[in-house]
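Colleague: Okay, here's the structure, questions in a sec.
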Protein chains: 2
Amino acid sequence: MSRITVNLPQNSYDIAIGEAGGQSSIASGNLSQLGLEMQQLNLGKKVLVISNPEIFNYYGDICVKSLEQAGFEVFTHLIPAGETYKHLGSIQQVYDTALNHHLERSSTFVALGGGVIGDMTGFAAATWLRGVNFVQVPTSLLAMVDASVGGKTGVNHPKGKNLIGAFYQPKLVLINPNVLKTLPVREFRAGMAEVIKYGIIWDKDLFEQLIAAEDLSCLEIIAPQLLETIITRSCQAKAEVVSKDEKESGLRAILNYGHTIGHAIESLTNYEQLVHGEAVAIGMVAAGKIAVKMGLWKADEGKLQDDLITKTGLPTAIPPQVTIEDILETVKSDKKVKAGKVRFILPTQIGNVIITDQVTPEIISQALKGN
Amino acid sequence: MSRITVNLPQNSYDIAIGEAGGQSSIASGNLSQLGLEMQQLNLGKKVLVISNPEIFNYYGDICVKSLEQAGFEVFTHLIPAGETYKHLGSIQQVYDTALNHHLERSSTFVALGGGVIGDMTGFAAATWLRGVNFVQVPTSLLAMVDASVGGKTGVNHPKGKNLIGAFYQPKLVLINPNVLKTLPVREFRAGMAEVIKYGIIWDKDLFEQLIAAEDLSCLEIIAPQLLETIITRSCQAKAEVVSKDEKESGLRAILNYGHTIGHAIESLTNYEQLVHGEAVAIGMVAAGKIAVKMGLWKADEGKLQDDLITKTGLPTAIPPQVTIEDILETVKSDKKVKAGKVRFILPTQIGNVIITDQVTPEIISQALKGN
């Protein structure tokens, strides 16, 4: 079991990562340590575990039992799975449950699930009684390597994703790599897109370990040791970036590598055709092309990235029905647009990127059309 | 014009307090400095002023004009006056306005109004795009001396006040004492209850200045100099307490002096009969009696407090239809109850209080019945 400390000025916390594979069944993994881990943090007596029915069916009992054995009084609140439930109405129902069970300021909301459950639980925790304790038990690769670090919580507005939210740090993140066994392969690959991103923007060694692997397209063929590395180094990379920029004022923007065009493509396909990680994969390929076109990045490194994305079973091509003109239009209306200027994160070498607002529509167009 | 800096580990900000009385009409007061003050903080270009129709009618133009002259692009969002609109539905409408006008992360929400507008604007600012800039222009005495320091924002849940919210600090608080001219006298007195509280819990000198005044029951008979002192020293007192305890984990609890029983009485009269400050006044008298009963406080100091409350035109007696048994029952269900123990803030001398969970129902009952 390894631990990463996310150092923040006021709200540092640990990510506890259990062993992958080997003899360890899920039951004997670190999920059964949840109660003891939380006990050591001097949290209050009451815990509200928030999950979706499917995930709770797999892992609810072991978490609840662990918490009860450690002396916590445990309540549960289930939200149907899926992005369509990620709205304020679902949060209001969490409030109602918290009220009915008299949760106090010292109580804890535990998110047991993927990104949607984590984002919603975090936002509910941030806003109930002006903030109760928050603990994350991510069950998707994306939630492990992305949502578990950074403190981003929130829900969707009818007109845009994650427009309503707060920065709110957990007290603990507990990761059991073996729960990924129940994750659909498409979701696994989507998480891998973010892992590849950390390699490009921050961690050359992680990138090289990924390159060295023969196949990354599903969990079963990844060596347990590599899976642990993937999770640990991704969390470490994000933790390092976030520690230096908690509120997303500067450096943290590099985490949006691949997201500028990725978001545009997600939006243009109505969030129906691609999952987020797939859009990010396509966005990284696009950003790579722009960087190469601008002479910032060597073409052969760009190819290494694209091959790695392909090896992971992720898409690299913009869906045929999306035009480059649509992308240009959509990019301009992104919520991260600052004073009208579109910011791009572009690689200069593996493990290093720059933030620039010098990418013109012409360059994007030429790079994506391969002119 | 005086300035107080609220020192916090990450989010320090200034309270700019204008001159009271004299030749200064409202128009020539510091409201017209709002734009320049905000300009100095390097906030983004777009500003959403949130107010209620009545307040905006008085002070909206001068604020908007000042902002526009300083180069800001200004939008407004009005919420009908009153606590009944302090709910998530009103916040959703703020989100819609923010979306329609494309407010960005660097944009600013300005609260122009009393406590309800301030709490709601702060919560909307805390949760739109995971936090935009927040500036307060409080127009009630209570909002000036209480809500402008401490970062408490939020809305009501159908079953309880302020259950939904966040701690979120403003970038600036701008106070013009002269706007109190349009504040109903009952609201003015309610604000004075909190001022008296600061005297008891923290600032003996403020208390003595209040004692020295002949009459405090309405704004018109208070000398401009004393009004400035009242606002400045109250903000200072709260800023000192909050600076030492931003997230209400310890010391900050002393700000709840008078609130334990005050809240219970508010709740038992369905928030209809008394305004908050009146309930706090009654709660301070009750807490004083308990402190005297327990031998913690001298009876003559308790009487000084009670006389001051009376001189301010505030009630001191528990409403006849509220029984002491009801109060005991309600106090136990207060959201600030920690691990089942009721915390009381009790004076030991003017300017000093202790936090204790040693107050038994018997003591409360005896003190309030005068046994």
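The values are calculated or read from the model by the stated rules, or taken from the named source; none is laboratory data. Note that the structure is a prediction, hence the values are computed from the model and not measured. Here the Cβ positions follow ideal geometry from the backbone for every residue, glycine too, while neighbour counts run over all protein chains shown. Only protein heavy atoms, including side chains, enter the accessible area calculation; ligands, DNA and RNA are left aside. Shrake-Rupley method; radii C 1.70, N 1.55, O 1.52, S 1.80 Å.
Colleague: So how far apart, in nm, are the two label points at A:THR348 and B:THR269 if each is 7 Å from Cα heading toward Cβ?
Modeller: 6.7 nm
Colleague: How are the Cα pair distances of the range A:261-356 distributed, in percent, across 10 Å bins from 0?
Modeller: With a bin width of 10 Å, the distribution comes to 16, 46, 34, 3.
Colleague: Counting Lys and Arg as +1 and Asp and Glu as -1, what is the net charge of the other residues whose Cβ lies under 9 Å from the Cβ of A:SER217?
Modeller: Numbers: positive: A:ARG189, A:LYS311; negative: A:ASP215.
With Lys, Arg at +1 and Asp, Glu at -1, the net is +1.
Colleague: Here's something else I'd like to know. Over the Cα atoms of chain B, what radius of gyration and what Dmax do you get, in Å?
Modeller: 20.2, 65
Colleague: I've got another one for you. So how far apart, in nm, are the two label points at A:LEU251 and A:ILE355 if each is 7 Å from Cα heading toward Cβ?
Modeller: With each label placed 7 Å out from Cα toward Cβ, I get 1.1 nm.
Colleague: Further, regarding this structure: Which whole-number percent gives the relative contact order of the range A:150-277, counting Cα pairs below 8 Å spaced six or more residues apart? Provide the component values of the computation, followed by the final result.
Modeller: Details: 107 pairs, mean separation 29.1, N = 128.
With pairs under 8 Å counted, the relative contact order is 23 percent.
Colleague: While we're looking at this one, here's another question. Take the alpha carbon gyration tensor of the range A:2-182, find the square roots of its eigenvalues, order them as a ≥ b ≥ c, and report rounded if a/c is under 1.5; if not, report prolate when a/b exceeds b/c, else oblate.
Modeller: Details: a/c = 1.36, a/b = 1.26, b/c = 1.09.
Since a/c stays below 1.5, the shape of the range A:2-182 is classed as rounded.
Colleague: Moving on to the next point. Can you tell me the alpha carbon radius of gyration of the range B:185-369 divided by the globular rule-of-thumb value 2.2 N^0.38 Å? Kindly include the intermediate steps, with their values, before the conclusion.
Modeller: On the way: Rg = 15.5 Å, N = 185, 2.2 N^0.38 = 16.0 Å.
That ratio works out to 0.97.
Colleague: A follow-up question, please. For peptide B:2-15, how many partner chain Cβ atoms fall within 10 Å of a residue's Cβ, on average? Show your work: numbers first, answer last.
Modeller: Details: counts 0, 0, 0, 0, 0, 0, 1, 2, 5, 1, 0, 0, 0, 0.
Per residue, the number of nearby Cβ atoms from other chains is 1 on average.
Colleague: Tell me which residues come under 5 Å, amide H to amide H, from B:PHE75 once H is placed; ignore anything under 5 positions away on its chain.
Modeller: B:VAL47, B:LEU48, B:VAL49
Colleague: With θ set to phi - 60° and the Karplus curve 6.51 cos²θ - 1.76 cosθ + 1.60, what are the ³J(HN,Hα) couplings of the range B:156-168 in order, to the nearest whole Hz, using x for Gly and Pro?
Modeller: Working through the residues one at a time gives 8, 9, x, 9, x, 6, 6, 6, 10, x, 8, 8, 8 Hz.
Colleague: Multiply the residue separation of B:LYS181 and B:ALA317 by 0.36 nm, subtract the distance between their alpha-carbon atoms, and state the gained length in nm to one decimal. Before the final figure, lay out the partial values.
Modeller: On the way: separation 136, 0.36 × 136 = 48.96 nm, distance 2.82 nm.
Gain on extension, B:LYS181 to B:ALA317, equals 46.1 nm.
Colleague: For n ≥ 4 DSSP H runs only, could you compute -39500 (n - 2.57) per run for chain A, divide by its residues and tell me the 222 nm figure to the nearest 500?
Modeller: Computed mean residue ellipticity for chain A: -13000 deg cm²/dmol.
Colleague: Going by accessible area, probe 1.4 Å, with all protein chains left in place, what is the ranking of B:PHE167, B:PHE188, largest first?
Modeller: Numbers: B:PHE167 40, B:PHE188 5 Å².
Ranking B:PHE167, B:PHE188 by accessible area, largest first, yields B:PHE167, B:PHE188.
Colleague: Just from the alpha-carbon atoms, what are the Rg and Dmax of the protein assembly as shown in angstroms?
Modeller: 28.0, 92
Colleague: So who's got an amide H within less than 5 Å of the one on A:PHE134, skipping anything under 5 residues away but keeping other chains? H placed 1.01 Å off N, in plane.
Modeller: A:PHE109, A:LYS171
Colleague: Label points 7 Å out from Cα along the Cβ direction at A:THR310 and A:LYS341: separation in nm?
Modeller: Modelled inter-label distance: 3.6 nm.
Colleague: Related question: Place a point 7 Å from Cα of A:LYS369 in the direction of its Cβ. Which residues in the range A:250-278 have their backbone N less than 16 Å from it?
Modeller: Hits in the range A:250-278 for A:LYS369 at 16 Å: none.
Colleague: Taking each residue of A:161-169 in turn, how many C-beta atoms of other protein chains fall within 10 Å of its C-beta, and what is the average?
Modeller: 4
Colleague: I would also like to ask the following. How much solvent-accessible surface does A:TYR58 expose, in Å² to the nearest 10, with a 1.4 Å probe and all protein chains in place?
Modeller: A:TYR58 has an accessible surface of roughly 110 Å² with all protein chains in place.
Colleague: Let me ask something else. With a cut-off of 8 Å between alpha carbons and a minimum separation of six or more residues, what is the relative contact order of chain A in percent? Present the calculation step by step, with values, prior to reporting the outcome.
Modeller: Working: 707 pairs, mean separation 55.9, N = 371.
Computed over chain A, the figure is 15 percent.
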